[in-house]
1. Against the definition (surrounded by fewer than 24 Cβ atoms within 10 Å (Cβ to Cβ), hydroxyl-bearing (Ser, Thr, Tyr) and closer than 25 Å to SER761 by Cα), how does TYR725 come out, yes or no?
2. Within the range 717-727, does at least one residue satisfy the condition of being more than 16 Å from the ligand (Cβ to nearest atom), assigned to a loop (DSSP other than H, G, I, E, B) and within 23 Å of PRO539 (Cβ to Cβ)?
3. Regarding THR581, is this residue touching a strand residue (DSSP E or B) at 6+ places or on another chain (Cβ under 8 Å) and surrounded by fewer than 17 Cβ atoms within 10 Å (Cβ to Cβ)?
4. Does at least one position in the range 168-179 carry a residue that is part of a helix (DSSP H, G or I), surrounded by fewer than 19 Cβ atoms within 10 Å (Cβ to Cβ) and not aromatic (Phe, Trp, Tyr)?
5. Would you be able to tell me the number of residues in the range 502-522 that are assigned to a loop (DSSP other than H, G, I, E, B) and either over 27 Å from the mean Cα position of the chain (by Cα) or away from the ligand (no atom under 16 Å from the Cβ) (or both)?
6. Considering each residue of the range 622-644, count those that are within 16 Å of the ligand (Cβ to nearest atom) and more than 21 Å from LEU360 (Cβ to Cβ), and give that number.
7. Just checking, how many residues over the range 290-333 are more than 30 Å from PRO43 (Cα to Cα), surrounded by fewer than 21 Cβ atoms within 10 Å (Cβ to Cβ) and of a type in the set (Val, Ile, Thr)?
8. Cβ-Cβ under 7 Å, sequence separation 6+ or interchain: first residue in the range 543-568 and farther than 18 Å from SER8 by Cβ, partner among the aromatic types (Phe, Trp, Tyr) and outside any loop (DSSP other than H, G, I, E, B). Which pairs?
Amino acid sequence: MKNFRIFSPETPEESSLEKRNRQLARDVASESIVLLKNDGVLPLKEKQVALYGAGARMTIRGGAGSGDMRERYSVNIEDGLLEAGFSITSQEWLSNFTNDYDQKFEERRVLIEDKVKDYTMENVLEMFEVIASVPLKYPIGSKITDSELPKNTKTAIYVVSRQAGEGHDRRLEPGDFLLDDVEIYNINKLSNHVEQLIIIINCGSMIDLTPLDNIKNIGAILFIGQGGTEGGNSLADILLGKTTPSAKLVDTWAHKYEDFPSHDTFSYMNGDLENENYYEGIYVGYRYFESFNITPRYEFGFGLSYTQFSHEIVSQKLNGTKLSLKVNVKNIGETYSGKETIQLYISKPGKIFESEKISLVSFGKTKELKPSETTELTLTFDMKDAALFDDSSSMWLLEKGIYELYLGNSSKNTKIVSQLRLARNVELEKVENTQSMEHSFKELSIGTPKESTDYSGTIHDINPEDFTFIKHQYGPYQPKPTAKVSEILDKLSIEDLVKLCVGGGQFEKYYNVTPGSVGSTTMDLIGKGVPNINMSDGPAGLNVLTETVITEDGTQLYLNKIPDSNNWGFIKDTAEYSIGTPDSGRPVYQFMTAWPAVVNQAQTWNPDLIEKVGLAIGEEMLSIGISLWLAPAINIHRNPLCGRNFEYYSEDPYLTGVMAAAVIRGVQSFDGIGVTLKHYCCNNQEDNRNNVSSNVSERALREIYLKAFRHVVQTEQPKTIMSSYNKVNGTHTANNYDLLTKVLRNEFGFDGVVMTDWHASGEGKASYELCQASGNDLIMPGFDAIKDALLNGLKTGIIPESAIKSSATSILNLIFSTVVSEGF
Ligand code: BGC
């Protein structure tokens, strides 16, 4: 047997797959841009503009950290506009900004270089941590001088950009959540100089727009998020009206940060990074704003179009516990085609069990409608999905009384369309209580029962007998080995099984090779017929190395130079042993697509489109031998300062579940590859992410933070799930039997592999032994000390042998379900 195998291309040409995916990335990005304000400025009538702001040229196409990408090239806003035929009259400011930007990055590089100058290959992992601890604050640029003002230009565009990523939460400071004085000065100055000003927000999450309220001439505001490789072209499509905006917000944008319920306690805000108390309970996002009558700046589900739509209900049909609504949607504008998203919200009785005022239960997006064109959408939902969780009885139930359904095109712009009556309380599902609240605190409460509405329209009576009661059997998870896996298991010793439960090392040589893959299963058993499989981050695409060469003995070298984005470059004299030329061995070229950030994907509200993204990612995985894509990440946007919100979908668990299920459906429609759903669970803050305890009531945990996981597991059965870094109510999730075994396996029916997040266990973090004893199958990435710890855990009885057998069986089932194991 040769000592390695490579699937990726040997030459650098742009493949037809890459070209096709660029087009899809452009379509997704255009469909993800939310038009927040438009006084008739857009679409633009002429193509001469003055372009300013940090993201004009240095457009941020995705967030930082493992969710970053390395792609062939990305189109910034300036280039996108030029390509679309615009002339740009602010070149002087743009080049001054470029100098400023280069200088700031050089300063950061020098600072890092100084901090890590004594690191070597021996302690390279610690070096990565030091590098990660130097946060990246995106340069703002300087004040626009009179000579930098545009001449003879009616329209100015100002791009506000913010970067965020793993390990750090965003800051409530100028230049981050708040606008910087220089930005406010510049926007003011432009507003006095030009006829119309367009503000572009190039950020993975919201910012405070209050200072803009007092600035005249702001004709339009667009939230472009982080649009991926084609972001600049997509924006040009929207500005020119080639595409009509159809995206909707996936989060509530408050007037000010203090309007969010967790504003004063989130992350570093109260100085306590050990405990994060989820005081607001179920009142997350619009559930809070609606229930407590706080008016947001822009509500959840909001987004403007260049055209207008009307909608009317054609029919409503109750079939058992399922309701389906047919809705006609018409483009009533005269000029532009466009798409509309219709949203259905439910309001629960809230008499005995308090509940949020509304929650999203269904939505549908139209195809592109020409002026005067009508289409029919069908919105369905099952009443059982409107159940609430009663902490005191550990029961999912529906309270008797009247449920109201609201239909509209945002969470605020809705009308009641029917009532559903339930004559008695219905118990739906009995579970074991899993969370004892180590830190007891009082949860937010409305305090009064919900008032009844006067309503004389359609009423549906739901028969309580139509629901099926679910009771779970709890116990250790026992996967069934496939025939092939049974044969292999017979030949493996308990030591071998332990080796399987520990991932491969980050700098090992592998049999199946994908340069830059962030993790692999063990190479220890290759002699016994078990190949390694490879994993790649992350939600914005496949984050692997673009140009490398593999030498005869399987060593991986960079081709010609160390990529700028690679931390590696900081080690002194790295070049000597890490750079090769095409002659050094087998060149490997991997140009993967940088998709729009996940928050953008969610803003499309178009699961069919995102399923296509999943299909495209699946094809890319197959083309480079990646078996697991470490995505999607479905944590909830609990607070806008979370550093990783760009990688997550929404504040709403239903929308999150539907969109994540779509991308998984795409990827897993191919046999032999799979996804890693992450980060299970309550990883909603980045500061001190390894040790912070998310203290949350069982009700909020189940109704908000686990809901999307449940939906995705039960509809798509992802091949793997990643436990998170943090603790939940005092216990690390990777060591949490209740969450990993009772909830995930026994209740949700998860049938794949659970792996840790990277280096989530070890000294001062989750314990290796408890990972195995609790139902976390695979510890990532691996080294020998972990294997020793597990063997020791077996000896001392902390780990039952059956747990190791179960994990090893799941891992082997996974490995032998992949394409790269074919032939073994
Ligand atoms: C991140 C994960 C990622 C892993 C591997 C961790 O730091 O939290 O999301 O998949 O690294 O890169």
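The values are calculated or read from the model by the stated rules, or taken from the named source; none is laboratory data. None of these values were measured; they are calculated from a predicted model. Glycine also receives a Cβ, built like all others from the backbone with ideal geometry; neighbour counts cover every protein chain displayed.
1. Here the answer is no, as TYR725 does not meet what is asked.
2. yes
3. Considered against the rule, which asks whether it is touching a strand residue (DSSP E or B) at 6+ places or on another chain (Cβ under 8 Å) and surrounded by fewer than 17 Cβ atoms within 10 Å (Cβ to Cβ), THR581 comes out as yes.
4. no
5. 6
6. So the answer is 8.
7. Residues in the range 290-333 being more than 30 Å from PRO43 (Cα to Cα), surrounded by fewer than 21 Cβ atoms within 10 Å (Cβ to Cβ) and of a type in the set (Val, Ile, Thr): 3 in total.
8. ILE562/TRP568; ASN567/PHE128
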